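As structure tokens, the structure follows; a few thoughts come after it.
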Amino acid sequence: MREVGLVTGNLHKLQEFQHGLARLGIKVRHLKVECDEIQADDLDEVVNGCLDQIAAAGHKDFILDDSGLFIPALNGFPGVYSAYVFKTIGCAGVLRLLEGISDRRADFRCCIGCQMEDVGRLVVTGVSPGRVVMEERGERGFGYDPIFVPDGADRTFAEMDMDEKIVFSHRGAAMRIFVERLRGMSKEV
Ligand code: IMP
């Protein structure tokens, strides 16, 4: 079984990756190294910047992700600024920004990047289209989970268990694309 180190400071993400990738044949351990996220216009650039930094520090066989909530009615905001916006105004602040706006559509995006000894670098993106609800609902998950309902569901990510969230989520979609691409590049998953 292939084993990779996940670079993250977020233990919820670690659990989602361990859960999702185990089913797809990859074992995930926690790689506790820091990356200074560059400020960039898209998730790929942030991911590539972190892959460069961590590879330059001599690490091999690792993955990481960068995610964001993109709201068309706010011209894509918070997008690549999602982490800062969450820290400063949180879910309540995003709900306030959408007050009086009827178009509640939003996309959650997750860009996964890996650097492997055998296949080199692979960067893929998964998208979960959905909408921002009127008020926070649910206790599970993290970040913007209480305010996002994916298309095809009527509960927020924070009202879903991890199995269900992975079926609908941007990270679940990105993991499935990632493994499919990896299978195309290597006999070992
Ligand atoms: P990052 O990928 O850790 O930089 O995430 C950017 C922001 O989006 C952070 O505030 C996260 O909490 C939030 N975020 C990332 N993934 C998810 C998710 O799956 N659900 C809810 N919020 C998320």
| said: Quick test of your reading: applying the under-4.7 Å Cβ rule, which cysteines of the chain are isolated? | reply: 91, 110, 111, 114
| query | If you count the DSSP beta bridges with both ends in the chain, what percent of them are antiparallel, to the nearest 5? | reply | 75
| note | A convex hull over the alpha carbons of the stretch 94-189 yields, per residue, a volume in Å³ of 109
| task | Excluding residues fewer than 8 places away in the same chain, name every one of the lysines whose C-alpha is closer than 25 Å to that of residue 187. | result | 27, 60
| message | Just to confirm the number: angle between the C-alpha axis of helix 43-56 and the first principal axis of the chain, 0 to 90 degrees, nearest 10? | response | 30
| said: Nearest 10 degrees is fine. How inclined is helix 11-23 to the longest principal axis of the chain, computing both from alpha carbons? | reply: 60
| task | Place +1 on the Cβ of every Lys and Arg and -1 on the Cβ of every Asp and Glu in the chain, take the dipole about the Cα centre, and give the residue among 132, 9, 74 whose Cα lies farthest towards its positive end. | result | 9
| said: Taking the 0 to 90 degree range and rounding to the nearest ten, how far is the long axis of helix 170-185 tilted relative to the main principal axis of the chain, both from C-alpha atoms? | reply: 20
| query | Rg and Dmax of the stretch 7-103, using alpha carbons, in Å: what are they? | reply | 15.9, 50
| query | About its Cα centre, what dipole magnitude does the stretch 31-189 give when the only charges are +1 on Lys and Arg Cβ and -1 on Asp and Glu Cβ, stated in debye to the nearest 20? | reply | 220
| Could you list log10 I(q)/I(0) for the chain at q = 0.11 Å⁻¹, which the Debye formula gives when each Cα is one point scatterer? | -0.47
| said: Quick check on the stretch 57-108: what does the Kirkwood estimate of hydrodynamic radius come out to from the alpha carbon pairs, in Å? | reply: 12.4
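Rule-based calculations on the coordinates, nothing more; no lab input. Just so it is clear, the model here is predicted, and its values are computed rather than measured. As a convention, Cβ positions derive from the backbone with ideal geometry for all residues, glycine included, and neighbour counts pool all protein chains shown.
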